[in-house]
Amino acid sequence: MMAGNMENAHKHFENEVKDAEKVKIGIVVSRWNDHITNALLEGSKETLIEQGIKAENIEVIYVPGSFELPYGARLLLSNGSKDAIICLGCVIKGETDHDVYINYSTALGIQQLSLSSGKPVVFGVLTPNNEQQALDRAGGRLGNKGIEAALTVLSLVGLNQKYKNTKSTIGFS
Ligand code: DLZ
């Protein structure tokens, strides 16, 4: 990522993660456009490790396409071992509206899963109009959105840690 972009990205990711060496992150990667999604994966993994997450605490699984990302994320959350999930995909616009259905369903599925599970599930899906726009965002001219997805997930894990020990003021105690 270019220096300017990294500074810009950091502005959005303020919560520091405590005990990073104990944090467990799942990453679900779509196989469609895998030259792009694997570059996003590299950006995410490198960033997580730079920020103190242990390589052995990062579990990566692959799904056929972006549409299946929420399902893969749900599988990774199913045994309760992960603190957060990153979903990585790339849906390139084609001749029809197919991409619109995939993108909308994927975004909604990821958000619903995050809210229903109470765990951060991050949307690291590129939605470019053409391959060049994808390359630009997967380690090219405009940085690597996999890095931003990793910083987002860490920011949310930090936020979760802050609120975990806060007693609820709503309902019965
Ligand atoms: C079918 C399809 C198409 C046309 N394009 C993409 C794409 O650009 N990126 C992507 O991640 N997935 C694509 N898919 C596959 C769907 O996400 C999904 O895997 C299939 O519709 C089966 O559910």
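The values are calculated or read from the model by the stated rules, or taken from the named source; none is laboratory data. Note that the coordinates shown come from a computational prediction; the quantities given were computed from them, not determined experimentally. Every residue, glycine among them, receives a Cβ derived from its backbone with ideal geometry; neighbour counts consider all protein chains shown. With ligands, DNA and RNA removed, areas are computed over all heavy atoms of the protein, side chains included. Shrake-Rupley method; radii C 1.70, N 1.55, O 1.52, S 1.80 Å.
Figures for the structure shown
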read-out	value
Mean separation of Cα contacts under 8 Å, 6 or more apart, over the residue count of the chain: relative contact order %	31
Y71/L159 FRET efficiency (R0 25 Å; Cβ-Cβ; nearest 0.05)	0.45
Candidates L135, L115, L76, ranked by Gaussian network fluctuation over the chain, Cα under 10 Å, top entry	L115
Net +/- balance of residues flanking P128 in space, Cβ distance below 11 Å, scoring K and R +1, D and E -1	0
Accessible area of R74 in the full protein assembly, 1.4 Å probe (Å², nearest 10)	150
Helix-only mean residue ellipticity at 222 nm for the chain, each DSSP H run of n ≥ 4 adding -39500 (n - 2.57), per residue, nearest 500	-14500 deg cm²/dmol
Accessible area expressed per residue, segment 1-158, with surrounding protein chains retained (probe 1.4 Å, Å²)	52
Three-way shape call for segment 95-138 based on the alpha-carbon gyration tensor, with the a/c threshold at 1.5	oblate
Relative contact order %, segment 37-92, counting alpha carbon pairs below 8 Å whose residues are six or more apart	38
Among V60, L41, S155 the positive-end extreme of the charge dipole of the chain (Cβ point charges)	S155
Inter-site label distance for Y62 and Y101 at 7 Å from Cα along Cβ, in nm	2.5
Charge tally in the Cβ shell below 12 Å around L75, where Lys, Arg are +1 and Asp, Glu are -1, L75 excluded	0
Debye log10 I(q)/I(0) at q = 0.08, 0.16, 0.18 Å⁻¹ for the chain, Cα point scatterers	-0.24, -0.92, -1.13
Residues whose placed amide H lies under 5 Å from that of R31, excluding near-sequence neighbours	V63, G65
Net charge over other residues, Cβ less than 12 angstrom from the Cβ of H35 (K, R count +1; D, E count -1)	-2
